[in-house]
Amino acid sequence: MEYKNIIYTLENGIAKIEINRPKAFNALNTETNNEIEDVVDAITDSPDVRVLIITGSSKVFVAGADVTELAEANPRDAYNNCCLAHRIFKKLEALQVPVIAAICGPTLGGGLEMALSCDFRIAGESGLFGLPEITLGIIPGAGGTQRLAKLIGASRAKELVMLGNRIDAATAKEYGLVNVLCKDEEVAEEAQKMAEKLCKRPAIALKFAKECVNFGANMNLDTGLEFEKSRFSLAFNTADQKEGMKAFFEKRKPNFTHK
Ligand code: DAK
């Protein structure tokens with residue numbers, strides 16, 4: 001597939017999707033959504049990708065869904081649109097590799113919902129976060145009402161979902177929405193540093209760790225603990241477990257082979 005609205009690169013195991021529709025503040029139109037899904041599908045099947053970074057061009061992350069398209073929707077279109085958004089962001093969230101959102105500027109509506117489907121969020125000082133759907137007479141439909149409340153708590157989530165408040169990067173950091181806050185010009189470097197650190201972790205254990213946290217977030221404690229038990233024991237089936245523990249006793253850094 002040829003991409004018109006995103007730039008996709010892969011270097012040393014670190015894949016990068018750059019949303020690139022500067023004229024529309026990187027708003028997600030149908031074509032862009034299709035392109036993102038295509039890349040996510042490719043990464044799902046790729047042994048070459050160890051980490052994914054998602055970012056936006058021109059100091060903007062994503063200003064939400066493309067309102068010109070949304071404005072024409074009837075309830076059936078909206079329902080289908082919602083299904084599509086859920087499908088894409090669930091695939092993104094379920095990727096076996098870690099996903100980092102590297103954010104500058106407006107991160108609104110579907111943009112914030114996409115960032116919420118990532119494992120980590122790194123934001124520059126210009127980061128602006130919000131779910132403005134309520135101001136358009138609708139509600140978030142790409143997971144925002146659920147993932148945001150789970151991440152920062154219902155009370156704070158309602159400030160964005162119900163009041164339509166937009167929060168700056170410092171507030172987003174205070175709310176636990178953002179993991180790393182830095183200068184705009186440092187965002188790419190911070191994301192690269194985090195990606196390189198993740199690449200050094202044993203890939204199979206990393207995948208299990210992500211699965212456990214994501215699975216447990218939607219389960220009761222006992223079910224989550226059962227899941228943890230299964231993944232914990234499976235990790236002892238890997239060469240990296242042997243190497244990690246050997247290296248510990250030999251007082252050296254482990255050479256993980258991701259097997
Ligand atoms: N859609 C289309 N065009 C947009 C846009 C958007 N979301 N955001 C900005 N633009 C366009 C503006 O219309 C304007 O175009 P021209 O007038 O120059 O032709 C240009 O970008 C510059 O915008 P402004 O003049 O407003 O520039 P400012 O610097 O004053 O403000 C802003 C920038 C990003 C803060 C502001 O434009 C803004 O608040 N934008 C709208 C935010 C918004 O309401 N977003 C949509 C929420 S609904 C799905 C995934 C997600 C969703 C649905 C489905 N699937 C995967 C299927 C989610 C729904 C939503 O996100």
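The conditions of being surrounded by fewer than 16 Cβ atoms within 10 Å (Cβ to Cβ) and closer than 25 Å to Leu92 by Cβ are met by Asn214.
If the requirement is being within 10 Å of the ligand (Cβ to nearest atom), assigned by TED's automatic domain parsing to the domain that holds Asn179 and in a loop (DSSP other than H, G, I, E, B), which of these qualifies: Ile139, Ile134? If you could, list the steps in order and put the result at the bottom.
Values: Ile134 fails: in a loop (DSSP other than H, G, I, E, B).
Answer to the check: Ile139.
Restricting to the stretch 118-131, what's the tally of residues that are near the ligand (Cβ under 10 Å from one of its atoms) and either outside the structural domain of Ala27 (by TED's automatic domain parsing) or within 18 Å of Ala85 (Cβ to Cβ) (or both)? Spell out the reasoning first.
Applying the first criterion (near the ligand (Cβ under 10 Å from one of its atoms)) to the stretch 118-131 yields 128, 130-131.
Then drop every residue that is not either outside the structural domain of Ala27 (by TED's automatic domain parsing) or within 18 Å of Ala85 (Cβ to Cβ) (or both), which leaves 130-131.
Matching residues across the stretch 118-131 total 2.
Got at least one residue in the stretch 144-152 being away from the ligand (no atom under 15 Å from the Cβ) and either within 22 Å of Val67 (Cβ to Cβ) or open to solvent by less than 10 Å² (accessible area, probe 1.4 Å) (or both)?
Taking the stretch 144-152 first, the residues away from the ligand (no atom under 15 Å from the Cβ) are 149-152.
Imposing the further condition that a residue be either within 22 Å of Val67 (Cβ to Cβ) or open to solvent by less than 10 Å² (accessible area, probe 1.4 Å) (or both) reduces the set to none.
No, there is no match, as no residue in the stretch 144-152 is away from the ligand (no atom under 15 Å from the Cβ) and either within 22 Å of Val67 (Cβ to Cβ) or open to solvent by less than 10 Å² (accessible area, probe 1.4 Å) (or both).
Taking the stretch 1-90 as the region of interest, the strands (runs of 3 or more DSSP E) fully inside it that hold 1 or more residues being more than 10 Å from the ligand (Cβ to nearest atom), surrounded by 17 or more Cβ atoms within 10 Å (Cβ to Cβ) and in contact (Cβ under 8 Å) with a residue 60 or more places away in the chain are 14-19, 51-56.
On the basis of being farther than 15 Å from Val99 by Cα, assigned by TED's automatic domain parsing to the domain that holds Asn81, in contact (Cβ under 8 Å) with a residue 60 or more places away in the chain and in contact with a Phe, Trp or Tyr (Cβ under 7 Å, 6 or more places away or on another chain), does Ala172 make the cut?
Working: farther than 15 Å from Val99 by Cα: yes; assigned by TED's automatic domain parsing to the domain that holds Asn81: yes; in contact (Cβ under 8 Å) with a residue 60 or more places away in the chain: no; in contact with a Phe, Trp or Tyr (Cβ under 7 Å, 6 or more places away or on another chain): yes.
When the stated conditions are applied, Ala172 does not pass them.
Any residue in the stretch 161-169 that is assigned to a helix (DSSP H, G or I) and more than 16 Å from the ligand (Cβ to nearest atom)? Full working, then the answer.
Residues of the stretch 161-169 that are assigned to a helix (DSSP H, G or I), as a first pass: 161, 169.
Then drop every residue that is not more than 16 Å from the ligand (Cβ to nearest atom), which leaves none.
No, there is no match, as no residue in the stretch 161-169 is assigned to a helix (DSSP H, G or I) and more than 16 Å from the ligand (Cβ to nearest atom).
The values are calculated or read from the model by the stated rules, or taken from the named source; none is laboratory data. Keep in mind that what you see is a predicted model, and the values were worked out from it rather than measured. We place every Cβ from the backbone using ideal geometry, glycine too, and count neighbours over all the protein chains shown. Accessible surface is based on the protein model in full, side chains and every heavy atom, while ligands, DNA and RNA are left aside. Shrake-Rupley method; radii C 1.70, N 1.55, O 1.52, S 1.80 Å.
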